[in-house]
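Novice: Pasting a structure here, questions to come.
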Amino acid sequence: MTLSSTQPAPQVLVVDAEPHIPRLIALLLGDGHVVDSAADATRALERLQAVPYDVVLVDLELPGGGAPVIERLRATAPDLAVVALAAAPTLQSAVAAMRHGAFDVLRKTVGGDELRAAIERAMRHGALAREVRRLRIEVDRARGLGEIVGESAPMRQLLALVERVAATDATVLILGESGTGKELARSSALAAAVAAAKPNDLKSTEGRASFARPFRLSGAFHLRRSRK
C-alpha cells in the first residue's frame with residue numbers, strides 16, 4: 001500500500017504507559033500519519049469508540065500485560081489491525097500476542113523505515129479483513145441465510161440442507177413445533193433458490209422476482225425445540 005497525497009493520513013493509536021513512546025512513534029512515522037496516545041486499555045477503548053483507527057500499537061509490557069489489551073481491542077473491533085511493541089520480544093511473548101489477535105510484533109527500537117513498512121502491512125491486513133467480512137455478508141444475503149444464526153452441528157446441517165435443496169426442483173416438506181423457525185427456513189430456502197437460479201429462470205413481476213419455470217424445492221427437514 002503506497003500512500004498518495006489524495007489518501008487521508010493513516011490514523012495510528014499508540015497504547016503505552018510511557019508518554020515518550022507515542023511521541024517517538026510520531027517522530028519516526030513523520031507528517032504523513034496522525035498519531036494519538038492512550039496510557040491504558042480503558043483510554044484506548046474510549047478513543048477507539050470515537051476514532052476509526054487504521055492501526056493500533058500496543059505495548060506488551062503494559063501493567064497487567066499487553067496481550068489481554070489486544071484481545072479487548074479486537075473484541076471491540078474485530079477487523080482492527082493491531083501491532084504489538086516490546087523492548088525485547090521473545091518467541092513466547094510474540095506467540096502469545098498473536099494468539100490474542102496481534103498482526104505483528106516489533107521491537108520498540110524499530111527504525112522509521114521498518115515501522116512505516118509494518119504500519120502499511122497492518123493496514124493492508126485490516127483492509128483485507130474488512131473486505132472479507134463485507135463479501136461474506138453479501139454472500140449470506142444472496143443465499144438468503146443471513147437471518148439464520150447458529151454454529152451448532154445441527155444448525156450447520158440445516159444450513160447445508162437449505163442450500164442443497166435450493167438448487168433442485170422437487171418438493172420440500174418442513175416440519176416442526178410452533179416457534180422453531182419453519183417460516184424462516186422456508187423463506188431462506190426460497191431466497192437461496194432465487195440467488196442460485198439462472199437469469200432465464202427468473203422474470204420480473206411488479207418489482208418482485210418470480211420463476212418463469214415450475215419451481216419446487218427438494219428435501220425435507222424437521223425442526224424441533226432444543227431439550228435442556
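The values are calculated or read from the model by the stated rules, or taken from the named source; none is laboratory data. Owing to the predicted nature of the structure, the values given are computational and were not obtained by experimental measurement. Glycine also receives a Cβ, built like all others from the backbone with ideal geometry; neighbour counts cover every protein chain displayed.
Novice: Anything in the stretch 64-88 that is over 21 Å from the mean Cα position of the chain (by Cα) and surrounded by fewer than 18 Cβ atoms within 10 Å (Cβ to Cβ)? List them, or say none. Show your work before the answer.
Specialist: Taking the stretch 64-88 first, the residues over 21 Å from the mean Cα position of the chain (by Cα) are 64-66, 85-88.
Within the stretch 64-88, Gly64, Gly65, Ala87, Ala88 meet the criteria.
Novice: Does the stretch 125-144 contain at least one residue that is surrounded by 12 or more Cβ atoms within 10 Å (Cβ to Cβ), farther than 17 Å from Leu13 by Cβ, under 20 Å from the mean Cα position of the chain (by Cα) and at pLDDT 90 or above?
Specialist: There is no residue in the stretch 125-144 that is surrounded by 12 or more Cβ atoms within 10 Å (Cβ to Cβ), farther than 17 Å from Leu13 by Cβ, under 20 Å from the mean Cα position of the chain (by Cα) and at pLDDT 90 or above.
Novice: Oh, and also: Any residue at all in the stretch 36-59 that's more than 19 Å from Ile70 (Cα to Cα), in contact (Cβ under 8 Å) with a residue 24 or more places away in the chain and either in the same structural domain as Leu73 (by TED's automatic domain parsing) or of a type outside the set (Gly, Ala, Ser) (or both)?
Specialist: At the first step, the residues of the stretch 36-59 found to be more than 19 Å from Ile70 (Cα to Cα) are none.
Taking every residue of the stretch 36-59 in turn, none turns out to be more than 19 Å from Ile70 (Cα to Cα), in contact (Cβ under 8 Å) with a residue 24 or more places away in the chain and either in the same structural domain as Leu73 (by TED's automatic domain parsing) or of a type outside the set (Gly, Ala, Ser) (or both).
Novice: I'd like the residue in the stretch 35-63 that is of a type in the set (D, E, K, R) and outside any strand (DSSP E or B) and, out of all such residues, is surrounded by the fewest Cβ atoms within 10 Å (Cβ to Cβ).
Specialist: Of the stretch 35-63, the ones of a type in the set (D, E, K, R) are 36, 40, 43, 46-47, 54, 59, 61.
Subsequent filtering for residues that are outside any strand (DSSP E or B) retains 40, 43, 46-47, 54, 61.
Values: Asp40: 14, Arg43: 14, Glu46: 11, Arg47: 17, Asp54: 21, Glu61: 16.
Looking at the filtered set, the residue picked out is Glu46.
Novice: Looking only at the stretch 90-109, how many residues end up being assigned to a loop (DSSP other than H, G, I, E, B) and surrounded by fewer than 18 Cβ atoms within 10 Å (Cβ to Cβ)?
Specialist: At the first step, the residues of the stretch 90-109 found to be assigned to a loop (DSSP other than H, G, I, E, B) are 90, 100-103, 108-109.
Applying the additional criterion that residues be surrounded by fewer than 18 Cβ atoms within 10 Å (Cβ to Cβ) yields 90, 109.
Qualifying residue count, the stretch 90-109: 2.
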